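Shown next, in structure tokens, is the structure this report addresses.
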Amino acid sequence: MGEGLGRRALLLGALPAAQGRGVMRIAIYWFRQDLRLDDNPALCAACAAADALLPVYVLPPDEDTQWGVKRLGQHRKYVLADTLKELDAGLRRRGSRLLLLDGDAAACLGELARALGATVYCAALAAPEEAQQLAHLQAAGVRVLAGWQDTLYTESQLPFALADLPLVFTRFRQQLQAAALSPVPPLPAPAALPPWPDGVAPGRALPADWLMPPPPDARSSFPYARADWRGGEQAAQARVQRWLATHGASYKRTRNGLMGPDYASKWSPWLAQGSLSVRRAARLLAQHEGEQGVSEGSDWLWFELLWREYFRWLMRRFGRQLFLRHGLQPPCPAPGHDAEAFARWRRGETGEPWIDAGMRELAATGFLSNRMRQNVASYLIHDLGCDWRAGAAWFESCLIDYDVASNQGNWLYLAGCGTDPRGSRRFNPARQAAEYDPDGAYRALWSTP
Ligand SMILES: Cc1cc2nc3c(=O)[nH]c(=O)nc-3n(C[C@H](O)[C@H](O)[C@H](O)COP(=O)(O)OP(=O)(O)OC[C@H]3O[C@@H](n4cnc5c(N)ncnc54)[C@H](O)[C@@H]3O)c2cc1C
């Protein structure tokens, strides 16, 4: 059981019988990292139980971290705003709309729930801050029904107890594959939603700076200013289907690419916002294999989705421990952090063209290939001697696919403090550049900010 994610929060499916005939049953649906109507079991449970339903999103705070960087950079704000607009449009098509709030989530939801006499429904999340929000809400006397729904499999399907989660990815994958599990089937979106309860004041609008598109950059490999790359569930599912049909089979060969929109699936921003359910993505992948046959590429996609799965269960199992400098591998590495080197790394001014190209791409577009993420992270940790948590914070600020479990898990892994701690995770920049950018095209593309 992940830290703070107590059994009390996992009550979905155990709803009490009607709460009194003739009495209005009011629910709040708190959208978190599940910004979709499709395959959202917690939302479906709220719709089934309530006469009136208030869909709410609480804007995340725009605050500084201990590393002197904002938690929410401009790319993230813009993509999140776009996703919220799409979510609101989907709700309106079904007779409802989204209420936007800001401030401390537990405090403002608690106040609203008490005023309405409402039960709060939401997705259960394992990261410590998110788990704590739920715990605070419950401690304030609010009835909360939260469902775990962002993994391919449920905890009871896993072929091991969570306490025995393998600490090596390969073992996790092999055990899951040997168990031949089927991902949980996705649910359709509700056809209609219960109306808003009476007397709710309109919420706030999206902050003006969230609506300001960062300057478009024609070099971007995630061109989110284009209509077919927009936020929201419709664009997400269209991308999944289109990309599988055109590039799915060749994915194993192209996935280490660095430039262009199609070398990899680019599903991650939609998965991270939750506008794409991983169970829906799995269903579309299985359908693709049913129609086109299993290919090397489709097979490798399952493998990558299992990495995502693994880091989610890891967060559920270890919670706060994944945020400590030594992670899962005490004793602590020697303390040390070079703030000046960290700043040069962020600006793409380390003097190492391969690394600087990656850092410029990240800052200019909010996206970076997996190959370059590994390289720039390794360089910060092993060449510049910085604290890996500072790098993780910069990724959190920039990445339009920022996802706490995947980000924390990958950084820890590269720092040698997470799972698979054997061997060095140091990437040699010269060798990597020669192998993955032999003609220097990527470095040339990003030779300027
Ligand atoms: C230091 C570091 C930080 C990272 N931070 C994030 C993050 O914040 N959010 C995030 O979604 N991914 C993160 N990743 C993982 C990976 O780089 C991205 O998921 C991937 O590049 C997204 O592009 P794609 O959708 O085209 O991936 P594809 O290669 O097409 O893979 C398909 C899907 O599999 C999953 N996946 C693939 N590789 C990984 C991986 N190593 N770990 C977890 N899931 C994976 C993703 O959901 C991805 O969308 C990080 C990797 C590193 C090395």
Inset, instruction - Pop out the ³J(HN,Hα) list for region 201-210 in order, Karplus 6.51 cos²θ - 1.76 cosθ + 1.60 with θ = phi - 60°, rounded to Hz; leave Gly and Pro as x. - result: 6, x, x, 8, 8, 4, x, 4, 6, 6
Inset, instruction - For residue 252, list the lysines whose Cα falls under 25 Å from its own Cα; do not include residues on the same chain fewer than 8 positions away. - result: 266
Inset, instruction - Determine, for each peptide in 393-400, 108-115, 296-303, the mean count of other beta carbons within 10 angstrom over its residues, then list the peptides with the highest first. - result: 393-400, 108-115, 296-303
Legend entry - Whole-number percent relative contact order across region 324-445, with pairs defined as alpha carbons under 8 Å at least 6 apart: 28
Legend entry - Under 19 Å from the Cα of residue 85 - lysines, other chains or at least 8 residues apart: 77
Inset, instruction - Collect residues whose amide H, placed 1.01 Å from N in the peptide plane, falls under 5 Å from the amide H of residue 54; neighbours closer than 5 in sequence don't count. - result: 27, 28, 29
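For region 15-166, how big is the tail of P(r) above 20 Å, as a whole percent of Cα pairs? All intermediate terms of the calculation are to be shown ahead of the outcome.
Details: 6329 of 11476 pairs.
The answer is 55 percent, as a whole percent.
Under the 0.36 nm per residue contour assumption, what length would be gained going from the current alpha-carbon distance of residue 65 and residue 241 to full extension? It would help to have the intermediate numbers written out before the result.
On the way: separation 176, 0.36 × 176 = 63.36 nm, distance 3.78 nm.
The span from residue 65 to residue 241 would gain 59.6 nm if fully extended.
Please report the relative contact order for region 171-307, taking Cα pairs under 8 Å with a sequence separation of at least 6, and give it as a percent rounded to a whole number.
On the way: 101 pairs, mean separation 37.5, N = 137.
Contact order relative to length: 27 percent.
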Legend entry - Coarse-grained scattering of region 324-445 at q = 0.21 Å⁻¹, given as base-10 log I(q)/I(0) from a Debye sum over alpha-carbon atoms: -1.26
Inset, instruction - Starting at the first residue of region 157-165, write each ³J(HN,Hα) from the Karplus equation 6.51 cos²θ - 1.76 cosθ + 1.60 with θ = phi - 60°, in whole Hz, x for Gly and Pro. - result: 6, 4, x, 8, 6, 4, 5, 9, 3
Legend entry - Residue-wise HN-Hα coupling along region 124-141, computed from phi with Karplus coefficients 6.51, -1.76, 1.60 (Hz; x: Gly, Pro): 7, 10, 8, 4, x, 4, 5, 5, 5, 4, 5, 4, 5, 4, 5, 5, 7, x
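May I ask you to order 86-94, 261-269, 309-317 by the average number of other C-beta atoms within 10 Å around their residues, highest value first?
Numbers: 86-94: 17.8, 261-269: 20.7, 309-317: 23.9.
The densest-packed peptide leads the list: 309-317, 261-269, 86-94.
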Inset, instruction - Report relative contact order for region 41-148 in percent, whole number only (criteria: Cα-Cα under 8 Å, sequence separation at least 6). - result: 29
Inset, instruction - Could you list which residues have their amide H under 5 Å from that of residue 40, counting only those 5 or more apart in sequence or on another chain, with H placed in the peptide plane? - result: 187
Inset, instruction - Search the structure for amide H atoms under 5 Å from the amide H of residue 145, placed 1.01 Å from N in the peptide plane, and list their residues when 5 or more places away or on another chain. - result: 120, 121, 122
Legend entry - Once the Cα gyration tensor of the chain is diagonalised, semi-axes √(5λ) in Å: 36, 24, 23
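No value in this document is a laboratory result; all are computed from the given coordinates. Being a predicted model, the structure only gives us computed values, none of them experimental. Virtual Cβ from ideal backbone geometry, glycine too; neighbours counted across all protein chains shown.
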